[in-house]
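> Can you keep this structure in mind? I'll have questions shortly.
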Amino acid sequence: MQKKRLLILGGGFAGLDVARAVGRSKAARAYWDTLLIDKENFFQFNPLLPAVAVGAVETRHIVYPLRDMALHRQIRFFKNKAIRIDCSRREVILHNDLVVPYDALVIAVGSVTNYYGVPGAQEHTRPFKTIVDAMYVRARIVELFEMAEQAETAEQRRELLSFVIVGGGITGVEVAAEMTDMALDTLLPKYPSVTRSDFSVTVIEVGDRVIPAALPQHSAYVRRYLERRGVKLLLGHGAVRVEPKRIHLSDGTSVAAFTTIWTAGVHPPDLVRRLPVTHIKDGRVRVDESLRALSPEGTPIEDVFVMGDCAAAALPGGSYQPVLAQTAIAMGSYLGEALVRRAEGRSARPFRFHNTGYIISLGKHSSVLELFGVPVSGKLAWLMWAGAYLIKMVGFRKQLEVGIDHLTHLFFEHDFSQILNRRQVLSDDELNLSLGTAGERAGGDTIRPDPTVTTRDTARTS
């Protein structure tokens, strides 16, 4: 029997689990000719990106080579990027004009940063979705501390070390907590000219509490914890315009920031949003109980499956499953099993999403989690967070490496070695910023935001 061509787009949590399930089954390997395609040649463990951004976990310890997995599971792998999907011709067009036909297609290409149409957001902020973003944040923090150590005025130091995070969800809160830990525990003691008052982290959240998806008591715990660590929280107002070094909010105020990180949300990439299928408001594809994409008429498209951040599976009550790693894992496990069962001549059960809870890291000092309805916070929650992610890591080697990182980080400070070149983390204007009072008197191009963190937008009131 000629094998069926199974094409998997995306090597994240969902796509990787499908590929591994098919590769583990002798019957599935005989039935499916499986090809996995991803724009990177590695799987990236996203939940540990904030820890990577501050050197608590080594960069290469959270990535796993997809080609190793493909060889081990006896499937094929291409490092490439899908440009267009033609469902009528049942083929995918890749970069370099390659065309790949399929009998069954799995779309699990993840998501991209959603700027919600805010003017200037994409140009003047940094996203936080990839390992390169994490490396950038770490290098920039260290570089700006180095510059602040040489600055001749407190005003310059406050300007350089002002960080704003737009988005108070899980990612935004974790980045804020990790950055603050790194600054307070490791960097400030090493830079004698820099004081605690020079460093600031501000989180902007359009909702009335941080991490709106969490239990109210956990949102309150996170807020108290961050504020005790000195993080400023601006709640109830979103960003409406971003300019160089300043974010304007919906209440007419603005926030000065030398560095802005955007973690406000995600949506599917253009490849998915352009598909002639049924989409919900955020661009995700509506899927049926077998994870098949629904046509504009609402009928399932045979053997076109959508998973992870690209999929909208209905929940009881009319909502959709959350855009989380656990959702992608659940979908990948389900579809992998379904494709194996088809190869064995058995029918598959319907997909049902069961929310097992969430885990939110607040650095090495604390965490909050809700597991099967049981809320936990504090140091115990951090230990449970570290253990849970250790188990979920792909490959024993990565589990060992990350486990050693966690153990090391408990007893030692962050690694703040500056690896990236200065020009990779600073613009030309930032690189040539005058740090001396003499340069200011001579007309140097020193950026001078209002010394207060939140100011009235004078352009709006004039």
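> Starting from region 171-199, take each residue that is touching a residue at least 12 places away in the same chain (Cβ under 8 Å) and list its partners that are of a type in the set (Asp, Glu) and assigned to a helix (DSSP H, G or I), counting only C-beta distances under 7 angstrom and pairs at least six apart or across chains.
TYR191/GLU149; SER193/GLU149; VAL194/GLU149
Let's see how each residue does on (1) of a type in the set (Val, Ile, Thr); (2) touching a His at 6+ places or on another chain (Cβ under 9 Å); (3) more than 25 Å from GLU58 (Cα to Cα); (4) surrounded by 23 or more Cβ atoms within 10 Å (Cβ to Cβ):
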{"position": "MET135", "(1), (2), (3), (4)": "no, no, no, no"}
{"position": "ALA139", "(1), (2), (3), (4)": "no, no, no, no"}
{"position": "GLU155", "(1), (2), (3), (4)": "no, no, yes, no"}
{"position": "ALA183", "(1), (2), (3), (4)": "no, no, no, yes"}
{"position": "THR186", "(1), (2), (3), (4)": "yes, yes, no, no"}
{"position": "VAL206", "(1), (2), (3), (4)": "yes, yes, yes, no"}
{"position": "ALA213", "(1), (2), (3), (4)": "no, no, yes, no"}
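> Hey, does region 46-54 have a residue that's at pLDDT 95 or above and touching an Asp or Glu at 6+ places or on another chain (Cβ under 6 Å)? Steps first, please.
Within region 46-54, the subset at pLDDT 95 or above is none.
No, region 46-54 contains no residue that is at pLDDT 95 or above and touching an Asp or Glu at 6+ places or on another chain (Cβ under 6 Å).
> What number of residues in region 1-33 are open to solvent by less than 40 Å² (accessible area, probe 1.4 Å), part of a loop (DSSP other than H, G, I, E, B) and either of a type in the set (D, E, K, R) or under 11 Å from ARG73 (Cα atoms) (or both)?
Going through region 1-33 one residue at a time, the tally reaches 1.
> Another question about this same structure. For residues that are open to solvent by 20 Å² or more (accessible area, probe 1.4 Å) and of a type outside the set (S, T, N, Q), scanning just region 141-153, find the one that is nearest to GLU430 (Cα to Cα).
GLU146
> When the residues of region 65-123 are filtered to those that are of a type in the set (Asp, Glu) and over 30 Å from THR171 (Cβ atoms), which remaining residue is surrounded by the fewest Cβ atoms within 10 Å (Cβ to Cβ)?
Going through region 65-123, the residues of a type in the set (Asp, Glu) turn out to be 68, 86, 91, 97, 103, 123.
Those left that are additionally over 30 Å from THR171 (Cβ atoms): 86, 91, 97, 103.
Values: ASP86: 11, GLU91: 17, ASP97: 7, ASP103: 15.
Looking at residues that are of a type in the set (Asp, Glu) and over 30 Å from THR171 (Cβ atoms), I get ASP97.
> Can you name every residue in region 210-242 that is closer than 25 Å to THR130 by Cβ and of a type outside the set (A, V, I, L, M)?
Taking region 210-242 first, the residues closer than 25 Å to THR130 by Cβ are 210-214, 222, 226, 231, 238-239, 242.
Matches in region 210-242: PRO212, GLY238.
> Which of the residues that make up region 314-355 are under 16 Å from ALA214 (Cα atoms), in contact with a helix residue (DSSP H, G or I) (Cβ under 6 Å, 6 or more places away or on another chain) and either open to solvent by 50 Å² or more (accessible area, probe 1.4 Å) or at pLDDT 95 or above (or both)?
Matches in region 314-355: VAL323 only.
> Ok, one more. Could you tell me how many of the residues in region 239-281 are among the charged types (D, E, K, R) and more than 17 Å from ALA108 (Cβ to Cβ)?
So the answer is 6.
> Could you tell me which numbered condition GLU302 fails, if it satisfies all but one of (1) charged (D, E, K, R); (2) part of a strand (DSSP E or B); (3) more than 25 Å from ARG5 (Cα to Cα)?
(3)
For (1) at pLDDT 95 or above; (2) within 19 Å of the chain's Cα centre (by Cα), each residue gets a yes or a no:
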| residue | (1), (2) |
| --- | --- |
| VAL106 | yes, no |
| GLU123 | yes, yes |
| GLU149 | yes, no |
| GLU159 | yes, no |
| VAL175 | yes, yes |
| ASP181 | no, no |
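> Out of curiosity, is GLU401 touching a Ser or Thr at 6+ places or on another chain (Cβ under 7 Å), surrounded by 14 or more Cβ atoms within 10 Å (Cβ to Cβ), in contact (Cβ under 8 Å) with a residue 60 or more places away in the chain and among the charged types (D, E, K, R)?
no
> Can you find a residue in region 267-280 that is at pLDDT 95 or above, touching a Leu at 6+ places or on another chain (Cβ under 8 Å) and within 24 Å of ARG24 (Cβ to Cβ)?
no
> For region 223-238, which residues satisfy the criterion of being outside any strand (DSSP E or B) and charged (D, E, K, R)?
Scanning region 223-238 gives ARG223, ARG224, GLU227, ARG228, ARG229.
> Sticking with this structure for a sec: Can you tell me how many residues within region 357-375 are among the aliphatic types (A, V, I, L, M) and open to solvent by less than 10 Å² (accessible area, probe 1.4 Å)? Show your work before the answer.
We begin by selecting, within region 357-375, every residue among the aliphatic types (A, V, I, L, M); these are 359-360, 362, 368-369, 371, 374.
From what's left, open to solvent by less than 10 Å² (accessible area, probe 1.4 Å): 360, 362, 368-369.
Residues flagged as among the aliphatic types (A, V, I, L, M) and open to solvent by less than 10 Å² (accessible area, probe 1.4 Å) within region 357-375 amount to 4.
The values are calculated or read from the model by the stated rules, or taken from the named source; none is laboratory data. What you see is a predicted model, and the numbers here were worked out from it, not measured in a lab. Don't worry about glycine lacking a Cβ; one is built from the backbone with ideal geometry, like all the others, and counts go over all protein chains shown. Areas reflect the complete protein model, heavy atoms only, side chains present, ligands, DNA and RNA absent. Shrake-Rupley method; radii C 1.70, N 1.55, O 1.52, S 1.80 Å.
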